[in-house]
1. How do the peptides 179-190, 222-233 rank, highest first, by the average count of neighbouring beta carbon atoms within 10 Å per residue?
2. About the Cα centre of the chain, what is the dipole size in debye to 20, counting +1 per Lys and Arg Cβ and -1 per Asp and Glu Cβ, all else neutral?
3. Using 0.36 nm times the number of residues separating L272 and M1, minus their current alpha carbon distance, what extension gain do you get?
4. Give, in nm to one decimal, the length gained when the segment between A81 and E145 is fully stretched (0.36 nm per residue of separation minus the Cα-Cα distance).
5. How high is the relative contact order of the stretch 204-257, in percent, counting Cα pairs under 8 Å that sit 6 or more residues apart?
6. From the square roots a ≥ b ≥ c of the eigenvalues of the alpha-carbon gyration tensor of the stretch 229-270, which class results: rounded (a/c under 1.5), prolate (a/b over b/c), or oblate?
7. Which far-off residues, 5 or more places away or on another chain, put their amide H under 5 Å from the one on A218, with H placed in the peptide plane?
8. Roughly how many whole Å is it from the C-alpha centroid of the stretch 208-250 to that of the stretch 40-106?
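No lab work stands behind these numbers, since they all come straight from the coordinates. As the structure is a computational prediction, the values presented were derived from the model and not from experiment. Heads up, the Cβs are rebuilt from the backbone with ideal geometry, glycines too, and the neighbour counts pull from every protein chain shown.
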Amino acid sequence: MPAGGLRKRAGSSGRDLSRPEAPEPLPLPVYDNHTHLEFEDGVDQLDPLDSLARAEAVGVRGVVQVGTDLETSRWSAQLAASDPRVLAAVALHPNEAPLVAERGMLHEQLSEIARLAAQPRVRAIGETGLDFFRTGEEGRGAQIESFEAHIEIAKAHGIALQIHDRDAHDEVVSTLLRVGAPERTVFHCFSGDVRLAKICNERGWYLSVAGPSTFKNAPKLREAISIAKPELLLVETDAPFLTPEPFRGRPNAPYLMPHTVRRLADTLGRPLDEVCALLASNTERVYGAWESEPEAVGA
Ligand SMILES: [Zn+2]
């Protein structure tokens, strides 16, 4: 079990850094399919084991721990290998790829990501994709090259793809169509509108619902989520970021995901237990079973 605190969350000034109390447990277990347990945030640091135990106590039985560079990808694979509640995703983040390319190391690092992808508990390539909000014109070539390479790695290993799409919906879709999307493609922290949700429905791409779906100013996002095919819905925290209401801005962790799940049940107008069962079976379809034998992966 690797120790936590590998990364520190930036931009903490002015935030309330106390940890919200645990929500009421969910009636049936679900999985957080996108989280970053390596981050230190808040006044009381949660190490990965504490975080997983708190999550389990409220019905979040497992997580996909997601890497954003080589170091955190290796850490994620190591954590997944040592704890049955964890599966890993590995990738160079779209804002990281241009920096790696500038140092002339993109190809070398992509080969290392491909090597990690061969490990039995690494079940996704992510987070990769496009971010036109934080990366400017000058970084786009490297970002697209990296995204395409990650798509190929996911397909070569028959594992899922987790997409980070920020202000780049059209380009993400056109890249997926040009390169050919993996069978299991997930829009992590889905932020699209009805139009993108319809494209996902047509293509069988998954929409992963995160904290912003609970925000007051997000009726359009909830509208998009409400028209998604139920069998394409997943849920995540993206912790320590994007804390759901009523704790927006406070430190996030997988144990707070029940707030997002309850709001999703409201949005869909379906009973909570039914939504939990749906989310759990969708998640296992995308990533395989958390406690399965390595041979069963991707079957
Ligand atoms: Zn993330």
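1. 179-190, 222-233
2. Dipole magnitude for the chain comes out near 520 debye.
3. The L272-M1 span can extend by a further 94.2 nm.
4. Computed gain between A81 and E145 is 20.1 nm.
5. Relative contact order comes out at 39 percent.
6. Prolate is the answer for the stretch 229-270, as a/c is 1.5 or above and a/b outweighs b/c.
7. Residues meeting the amide H criterion: none.
8. Taking the Cα centre of each part, the stretch 208-250 and the stretch 40-106 sit 20 Å apart.
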